[in-house]
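Enquirer: One structure, pasted below without further comment.
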Amino acid sequence: MNRQARAIRDLERRIHDAEMDLFAAVGADVEESFLELAQTGLRVRVLAHGRGPAVVLLHGASESAAIWVPLFPELRQFRLLAVDLPGHGLSDPTAFRRGQVRKHARRLIDDILDALGLDEAAVVGHSLGGMFALWHAAAGSARISALVAIGEPAVALPGVRVRMPLSLLTVRGLGVAVLRSPSPHRVYRRLLAQGFGSADVAAAPDPLIEALRLSARRPANARTVASLMHAIDRFRRARPESVLTSAELAAITTPTTFILGSDDPYLSVEDARPSIDQIQGATLYAVPGGHSPWLADARHAAELIAAHSGLQGRAMPAAPR
């Protein structure tokens, strides 16, 4: 084993160690497995928790499945299947290209559901994961039985502003360097607060911050995320092909719920509302927090997710609009 391979192996061991500390901190018994995806030819990791109907969790850019762990104890009535998207966490890398990301996202979700043995499933998506799921639903697929987008779904809705530090990742050559920079834990926490919101990050357990920090530094992950950000975004705004049109929003028939933080830095609730209103039957909740509001209040977020997953028979709470 050469020096580079040893360094990567050591980094992956440290990611595992941070995640084990996170599982212990929240009291979650988490199972790790890997899926071989037939269509895309990729190997992706899944963190599973709980027993019950399956819910697939898709995280945001430069995150990993570990971001969902604070929700695990609050949703133990479901079989939560949190996927490391390609080039995130401990999944295989990929290279994203302009004009091809939507096609990749649709195939990827089908591939994941196939590998999990699910004809259909409820999906909870954060940021990039929410955008991928909305693209999938807008293309006419019925395999997502219910969709909960928590946090602004990346740049799927019109009007999103690409902010620092994410805007740096859109620049060719610079994105990899930023992601792989050896930022100390406290510096990375401050950078994450710019992207998520200070309240969300202040409430996040230290082992989660560490797991995300180390995952971003994995060389293959940095290359994947940099290619993704360049493919979907310009420096300050989304590439037009990333944004859902009014016709595409109106074509979504999947039961869809949005849980948006009142202080989401990318798009305000009021600015998101006109686009969400174009989706037939869509429900919108504004909750305290930023881009990752379940970190600030996991119990409230879990209650909304459980009510709108399409897997429970009890009545849904009325949504303030």
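The values are calculated or read from the model by the stated rules, or taken from the named source; none is laboratory data. Model, not experiment: these values are computed from the prediction. Every residue, glycine as well, gets a Cβ built from its backbone with ideal geometry; the counts of neighbours run over all protein chains shown. To get the accessible areas, we keep the full protein, side chains included, count just its heavy atoms, and leave off ligands, DNA and RNA. Shrake-Rupley method; radii C 1.70, N 1.55, O 1.52, S 1.80 Å.
Enquirer: Read through the labelled values (1) 81, 74, 32; (2) 59, 44, 35; (3) 55, 41, 40 and report the label of the one computed as Cα extents along the principal axes in Å from the structure.
Expert: Among (1) 81, 74, 32; (2) 59, 44, 35; (3) 55, 41, 40, the one derived from this structure is (3).
Enquirer: Lys/Arg Cβ at +1, Asp/Glu Cβ at -1, dipole of the chain taken about the Cα centre: which of Val30, Leu169, Leu192 is farthest positive-ward?
Expert: Leu169
Enquirer: Filter the trypsin sites (Lys or Arg not before Pro) in segment 77-183 down to the DSSP loop ones having no more than 15 other Cβ atoms within 10 Å, then list what survives.
Expert: Working: sites: Arg79, Arg97, Arg98, Arg102, Lys103, Arg106, Arg107, Arg143, Arg161, Arg163, Arg172, Arg180; in loops: Arg97, Arg98, Arg143, Arg163, Arg172.
In loop regions of segment 77-183 (DSSP not H, G, I, E or B), the sparsely surrounded trypsin sites (Lys or Arg not before Pro) are Arg97, Arg98, Arg163, Arg172.
Enquirer: Once both labels are modelled 7 Å past Cα along the beta-carbon direction, what's the Arg3-Arg97 spacing in nm?
Expert: Placing both labels 7 Å beyond Cα along the Cβ direction yields 3.5 nm.
Enquirer: Moving on. Can you give the accessible area per residue of segment 248-288, in Å², using a 1.4 Å probe? Can you show the working numbers first?
Expert: On the way: 1630 Å² over 41 residues.
That works out to 40 Å² per residue.
Enquirer: Report, to two decimal places, the Cα Rg of segment 180-267 normalised by 2.2 N^0.38 Å (N = number of residues).
Expert: On the way: Rg = 16.3 Å, N = 88, 2.2 N^0.38 = 12.1 Å.
Normalised Rg, Cα atoms only: 1.35.
Enquirer: Over the chain, what is the percentage of antiparallel beta bridges among all DSSP beta bridges, to the nearest 5? Could you put the intermediate results ahead of the total?
Expert: Values: 12 of 36 bridges.
The answer is about 35 percent antiparallel.
Enquirer: Magnitude of the Cβ-charge dipole of the chain, K/R +1 and D/E -1, about the Cα centre, nearest 20 debye? Numbers along the way, then the final one.
Expert: Numbers: 36 positive and 32 negative charges, 247 e Å.
Here the size comes out at about 1180 debye.
Enquirer: Measure off, as a whole percent, the carbon and sulfur share of the 1.4 Å-probe accessible area of segment 16-133, all protein chains present.
Expert: On the way: 1820 of 4120 Å².
Accessible surface attributable to carbon and sulfur in segment 16-133 totals 44 percent.
Enquirer: Give me the distance in nm between label points sitting 7 Å out from Cα along the Cα-to-Cβ direction at Leu118 and Ala251, one decimal.
Expert: Each label point is offset 7 Å from its Cα along the Cβ direction, giving 2.4 nm.
Enquirer: Over segment 1-159, with the other protein chains present, what is the accessible area per residue in square angstrom, probe 1.4 angstrom? Write out the running numbers ahead of the final one.
Expert: Values: 5960 Å² over 159 residues.
Heavy-atom SASA per residue in segment 1-159 reads 37 Å².
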